[in-house]
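The values are calculated or read from the model by the stated rules, or taken from the named source; none is laboratory data. Since the structure is predicted, the reported quantities are computational estimates derived from the model, not experimental observations. Here the Cβ positions follow ideal geometry from the backbone for every residue, glycine too, while neighbour counts run over all protein chains shown.
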Amino acid sequence: MSLTPSAFEPRGKRPPRADSFRMRFVSIRHSRFMEGLYNVFEPAFVAMEPLIRKIGYEKAERPVAVVEKFVKDALFDCRMCGQCILSSTGMSCPMNCPKNLRNGPCGGVRANGNCEVYPDMPCVWVKAWEGSRQMKGGDAIRDVQPPVDHRLKGTSSWLRVMREKTGTATPPAKSH
Ligand code: SF4
């Protein structure tokens, strides 16, 4: 049986154990702090738009994505979907759900709150709800999210947000 049913999980990665130290659970426990941190980071990053424009979005894409992956992988087990919704999911990355669900849990959540696919892992959406209850903007978890666009996998969400906030046109996602 494959241990990587999700397109967003590294090949061969074993599911996390509930009793192992997982930084992502620490981030979810401190979702209010993470929310505050992001609220400081976002405007500071967006303010760098003229510099990024000067460098060129295409040139900046790879280095920014590398830094973003490093930071968000350490904090959230980020899967670099390229369309980050952490602030709407209690800081629990929905791409860690083996079914990649982005609008709440499946019907298989175990009685102990763990995942039906990975029995030792708390359900991503149970953790998302817990995290969201601590956040000022936590009710965003009720927003309906569009389906995940696999063409954006590996691209920088930070640059995408920068483009959205500054009204810089986002190029259409490339088909693979
Ligand atoms: S139980 Fe939760 S984490 Fe597991 S597949 Fe269902 S929604 Fe995803």
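Considering each residue of the stretch 106-121 in turn, none proves to be under 15 Å from T155 (Cβ atoms) and either in contact (Cβ under 8 Å) with a residue 60 or more places away in the chain or in a strand (DSSP E or B) (or both).
Could you please let me know if L101 is free of Cβ contacts under 8 Å to residues at least 60 places away in the same chain, within 16 Å of the ligand (Cβ to nearest atom) and either out of contact with any Cys (no Cβ under 8 Å at 6 or more places or on another chain) or farther than 30 Å from M48 by Cβ (or both)? Talk me through it step by step, then tell me what you get.
Working: free of Cβ contacts under 8 Å to residues at least 60 places away in the same chain: yes; within 16 Å of the ligand (Cβ to nearest atom): yes; either out of contact with any Cys (no Cβ under 8 Å at 6 or more places or on another chain) or farther than 30 Å from M48 by Cβ (or both): yes.
For L101, the condition - free of Cβ contacts under 8 Å to residues at least 60 places away in the same chain, within 16 Å of the ligand (Cβ to nearest atom) and either out of contact with any Cys (no Cβ under 8 Å at 6 or more places or on another chain) or farther than 30 Å from M48 by Cβ (or both) - is met.
If you go through the stretch 143-162 and keep only what is closer than 15 Å to L101 by Cβ and not acidic (D, E), you end up with V144, Q145, P146, P147, V148, H150. I'd like the residue in the stretch 55-98 that is more than 9 Å from the chain's Cα centre (by Cα) and among the hydroxyl-bearing types (S, T, Y) and, out of all such residues, is nearest to the ligand (Cβ to nearest atom). Among them, the one singled out is S88.
Within the stretch 90-130, being in contact with a Ser or Thr (Cβ under 6 Å, 6 or more places away or on another chain) and either modelled with pLDDT of 95 or more or on the phi < 0 side of the Ramachandran plot (or both) holds for G90, M91, P98, V124, K127, A128.
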